[in-house]
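The values are calculated or read from the model by the stated rules, or taken from the named source; none is laboratory data. It should be emphasised that the depicted structure is a prediction, and the values quoted were computed from it without experimental measurement. Glycine gets a Cβ as well: all are built from the backbone with ideal geometry, and neighbour counts include every protein chain shown.
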Amino acid sequence: MTTDLTRATADYAVRLGDDALILGHRLSEWCSNGPFLEEDLALTNVALDYIGRARMFLGYGAQLIGGDCTEDTLAYQRDCREFTNLLINELPRGDFAFTMARQYLLDEHALLFLEALQGSSDAELAAIATKAIKETRYHLRRSREWMLRLGDGTEESRRRLQQALEDIWGYLPELFAMDELERELLAAGIAVDREALEAPWRRAVSATFAETDVTLPADGWRVDGGRTGYHTEHLGHLLSELQFVQRAYPGCQW
Amino acid sequence: MPVVNAVAASDRIPLLPVEELERRRRRQHSACPELWRLLDAVKDPEIPVISIWELGVLQNIERDGDTVEVTITPTYSGCPAMDVIREEIGQALEEGGYPHHRIQTRLSPAWSSTWMDEEARAKLEAYGIAAPVSEAGRAAPACPHCGSDRVQAVSEFGSTACKALYQCLDCHEPFDYFKSF
């Protein structure tokens, strides 16, 4: 790999790591707050998978960046503007319907994304994808089931799910947007073509919600900026918790 | 990819996934069989009846001068047991008289529950954890306590990343199911 391509691959790995870290943290906030014990376990298990995924991506990114960079310096020593996760991952966990709706929409996306990343010419990214996709299949099985139950359950569950979809909808286009970095890496056979994932994603999502009483929102508003470090006001609060120990006691180990 | 079929365990033709065949060959043809035996003492910290070899986590052991190189593969991405396993491998090697060692983690090929052999599966069952069944075959595991097929899934996720929660409808005992992965 040329130096430029190595650096671009590092940035790409860090993006994917940031996505996983931030979503993993949001899911972990349910620990001891789940609606019942089994759900508490499930949400934290999924969170754990995402933290593991973050470690693999960030660890690889750090290795490519070299020097003193490690998965920990990436996770604990960068500020908001340096985080490149997609905005949908940082939105507050909301109620259970919001958490599960976001998770389901992301699980359907992750399945397609990881399937494509398995074919990356970068062997490490392909290996991470092969590992992660097995977990995503399990996540999807459960999150899809919850869409059916909430969407076809009580009046309240349906209303909350409908509201969650309305609140999330404008954050979805960012999942399918390519920027210069990803185009360059796509041309080199390393990155995934996000635009190509949109049609199959829509088919899968429509098929699921067709079995429920909720209606998919119309496309309209959209927000983006995560990849360039322009975040919602929520990320700073999340990082203040995630990074607290390293900020208060720099370099602390135990 | 894995070729475990859908019939009952007793009728199963023992076909091995290619990655597992290669792993066993690495052990059979190893220049340092004593090290493999030494690490048989390292168990999964969450399922202390099966060793990291039986679980499929231990991938290779080689010697480079006086340094022992151990390769392991994680079961689940975020499995916290991996750090403990790494420490225990180091400790076992040091106690066995091998102070110089390197433990590396390899992601590919991705770990699969099909790498566990019949003996490991039997140990799981005896410990009260239902062994993985083929995704394509039977929909649910049998109860490890009474053997009944009448079971229900309580949650896709259990006490650890590798397990799901089930309950037997006959003996009513809840049990862990080691997920097919």
- request: Please specify each residue of the stretch A:201-227 satisfying the condition of being part of a helix (DSSP H, G or I) and either among the β-branched types (V, I, T) or touching an Asp or Glu at 6+ places or on another chain (Cβ under 9 Å) (or both).
  value: A:W201, A:A204, A:V205, A:T208, A:G226, A:R227
- request: Taking the residues in the stretch A:44-88 that are of a type in the set (S, T, N, Q) and out of contact with any helix residue (DSSP H, G or I) (no Cβ under 6 Å at 6 or more places or on another chain) as candidates, determine which candidate is nearest to the other protein chains (Cβ to nearest Cβ).
  value: A:N45
- prompt: Restricting the search to the stretch B:59-75, which residues are within 14 Å of chain A (Cβ to nearest Cβ) and either in contact with a Phe, Trp or Tyr (Cβ under 8 Å, 6 or more places away or on another chain) or exposed (fewer than 13 other Cβ atoms within 10 Å of the Cβ) (or both)?
  reply: B:T73, B:P74, B:T75
task: Six or more apart or on different chains, Cβ under 9 Å: which pairs go from a residue in the stretch B:58-69 that's not assigned by TED's automatic domain parsing to the domain that holds B:D83 to one that's surrounded by 22 or more Cβ atoms within 10 Å (Cβ to Cβ)? Could you list them?
output: none
- prompt: A:R15: more than 14 Å from every other protein chain (Cβ to nearest Cβ) and at pLDDT 95 or above, yes or no?
  reply: yes
Close pairs from the stretch A:26-55: first at positive phi, partner surrounded by fewer than 24 Cβ atoms within 10 Å (Cβ to Cβ) and not in a helix (DSSP H, G or I), Cβ under 9 Å, at least 6 apart: none
- line: Across the stretch A:141-174, the tally of residues that are among the hydrophobic types (A, V, I, L, M, F, W, C) and either modelled with pLDDT under 95 or surrounded by fewer than 21 Cβ atoms within 10 Å (Cβ to Cβ) (or both) stands at 3
field: Looking only at the stretch B:109-168, and only at residues there that are farther than 29 Å from A:F36 by Cα and of a type in the set (A, V, I, L, M), the one that is nearest to the other protein chains (Cβ to nearest Cβ)
entry: B:A110
- line: Pairs returned, first residue in the stretch A:192-211 that is farther than 23 Å from A:D122 by Cβ, second residue that is among the polar types (S, T, N, Q), beta-carbon separation under 8 angstrom, 6 or more apart or interchain, are A:F209/A:T215
query: Mind checking which residues of the stretch A:88-146 are closer than 23 Å to A:A199 by Cα and of a type in the set (S, T, Y)?
result: A:Y104, A:S120, A:T130, A:T136, A:Y138, A:S143
task: Identify the residue in the stretch A:1-51 that is among the aromatic types (F, W, Y) and part of a helix (DSSP H, G or I) and, among all such residues, is surrounded by the most Cβ atoms within 10 Å (Cβ to Cβ).
output: A:Y50
Only one of B:S77, B:S30, B:S108 that is hydroxyl-bearing (S, T, Y), part of a loop (DSSP other than H, G, I, E, B) and farther than 25 Å from B:F178 by Cα: B:S30
message: I'd like to check which helices (runs of 4 or more DSSP H) are fully inside the stretch A:89-188 and have at least 3 residues that are within 14 Å of another protein chain (Cβ to nearest Cβ), out of contact with any Cys (no Cβ under 6 Å at 6 or more places or on another chain) and charged (D, E, K, R).
response: A:123-151
Residue in the stretch B:83-104 that is under 19 Å from B:E20 (Cβ atoms), of a type in the set (S, T, N, Q) and within 14 Å of chain A (Cβ to nearest Cβ) present: no
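Table: residues versus (1) modelled with pLDDT of 95 or more; (2) surrounded by 18 or more Cβ atoms within 10 Å (Cβ to Cβ); (3) charged (D, E, K, R); (4) more than 15 Å from the chain's Cα centre (by Cα).
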| residue | (1), (2), (3), (4) |
| --- | --- |
| B:S77 | no, yes, no, no |
| B:M82 | no, yes, no, no |
| B:E95 | yes, no, yes, yes |
| B:Q104 | no, no, no, yes |
| B:S108 | no, no, no, yes |
| B:S113 | no, yes, no, no |
query: Condition test on B:C143, is it outside the structural domain of B:R24 (by TED's automatic domain parsing), touching a His at 6+ places or on another chain (Cβ under 9 Å) and modelled with pLDDT of 90 or more?
result: no
- prompt: Within the stretch B:51-68, how many residues turn out to be assigned to a strand (DSSP E or B) and either hydrophobic (A, V, I, L, M, F, W, C) or over 20 Å from B:A110 (Cα atoms) (or both)?
  reply: 7
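Here's the yes/no breakdown for (1) modelled with pLDDT of 95 or more; (2) crowded, with 20+ Cβ neighbours inside 10 Å; (3) over 12 Å from the mean Cα position of the chain (by Cα):
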position	(1), (2), (3)
A:R53	yes, yes, no
A:G61	yes, yes, yes
A:C69	yes, no, yes
A:N89	yes, yes, no
A:D95	yes, no, yes
A:F98	yes, no, yes
A:R102	yes, yes, no
